[in-house]
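Participant: What follows is a structure written as structure tokens; I'll ask about it next.
Nothing in this text is a laboratory measurement; each read-out follows from the coordinates by a stated rule. A quick note: this is a predicted structure, and the numbers were derived from the prediction, not measured. Don't worry about glycine lacking a Cβ; one is built from the backbone with ideal geometry, like all the others, and counts go over all protein chains shown.
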Amino acid sequence: MLTFTIDRNNHITALTPTSQAPLNPEATRFNGLQDLGRLAKRWPGPRLVEIWNALPGQKPIKRFTNRKVAVSRIWAVAQSLAPNAGATGLRLVPEQVKASKPTSRIPNPAPARSRGKTGRVLELLQRPGGATLKQLTAATQWQAHSVRGLLSAIVKKKMGLRVESVLRKDGARSYCVKA
């Protein structure tokens, strides 16, 4: 019967009964699913995810459905580890690296359309006093939340322009594009 150890760095090692491998004094031993389940009760959920993601050949995940599923899946994979092959190390980088969100200032901003509603909105925003939300909704024939979405998603994020919002003395909010 195999005995397994797990240390505080989430390295799992499989040991045979006759192995003379040096044991890490900080490592915790477990022999079966029930032992692993008892140990896992004290661990936070993210540690179970780290252990899973450190196991070789497993697809990295973000979370488990529940603790019981996590323990049973980790146990199933731990049984396939070769005895005395050494600890399975923590993967520092996932096998498939996801692209992160672009920074706030986009190096290659999307070009502005000269025609269409986006072009009309940009023309209004470049005027000296800017444009109010009422003027922008009248020019595009959109609802107010759609115009605000255009300002946020297209003008700010995609085009990389800086939009300033100013509350005027008459109580209306004015939007303008700053270079």
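Participant: Read phi for every residue in segment 62-77 and hand back ³J(HN,Hα) as whole Hz from Karplus 6.51 cos²θ - 1.76 cosθ + 1.60, θ = phi - 60°, with x for Gly and Pro.
Facilitator: Values, residue by residue: 9, 6, 9, 5, 7, 5, 5, 5, 4, 5, 5, 5, 5, 4, 4, 6 Hz.
Participant: Rounded to the nearest whole Å³, what is the per residue volume of the convex hull around the Cα atoms of segment 116-178?
Facilitator: For segment 116-178, the hull spanned by Cα atoms encloses 73 Å³ per residue.
Participant: For residue 50 paired with residue 163, estimate the spin-label separation in nm (one decimal), with each label point 7 Å from Cα along the Cα-to-Cβ line.
Facilitator: Roughly 4.1 nm, to one decimal.
Participant: Between residue 144 and residue 132, what is the label-to-label distance in nm when each label sits 7 Å out along the Cα-to-Cβ direction?
Facilitator: 1.1 nm
Participant: For residue 153 and residue 34 in one chain, what is 0.36 nm times their gap in residues minus the Cα-Cα distance, to one decimal in nm?
Facilitator: 37.7 nm
Participant: Want the number for residue 80 to residue 65: 0.36 nm per residue separation, take away the alpha-carbon distance, what's left?
Facilitator: 3.1 nm
Participant: Spelling out what I want: for every residue of segment 116-125, take phi, set θ = phi - 60°, compute 6.51 cos²θ - 1.76 cosθ + 1.60 (Karplus), and round to whole Hz; glycine and proline get x.
Facilitator: x, 6, 5, x, 5, 4, 5, 4, 5, 6
Participant: Please compute the net charge surrounding residue 29, taking Lys and Arg as +1 and Asp and Glu as -1 over other residues with Cβ under 12 Å from its Cβ.
Facilitator: -2
Participant: Can you work out the Karplus-derived ³J(HN,Hα) for every residue in segment 160-166? Use 6.51 cos²θ - 1.76 cosθ + 1.60 with θ = phi - 60°, whole Hz, and x for glycine or proline.
Facilitator: x, 8, 9, 9, 9, 10, 10
Participant: For labels at residue 170 and residue 16 in the simple 7 Å Cα→Cβ model, what's the distance in nm?
Facilitator: Placing both labels 7 Å along Cα→Cβ, they lie 8.8 nm apart.
Participant: Share of antiparallel DSSP beta bridges in segment 116-178, in percent to the nearest 5?
Facilitator: Around 100 percent antiparallel, to the nearest 5.
Participant: How much length is gained if the chain between residue 58 and residue 7 is pulled fully straight, taking 0.36 nm per residue apart and subtracting their Cα-Cα distance, in nm to one decimal?
Facilitator: 16.4 nm
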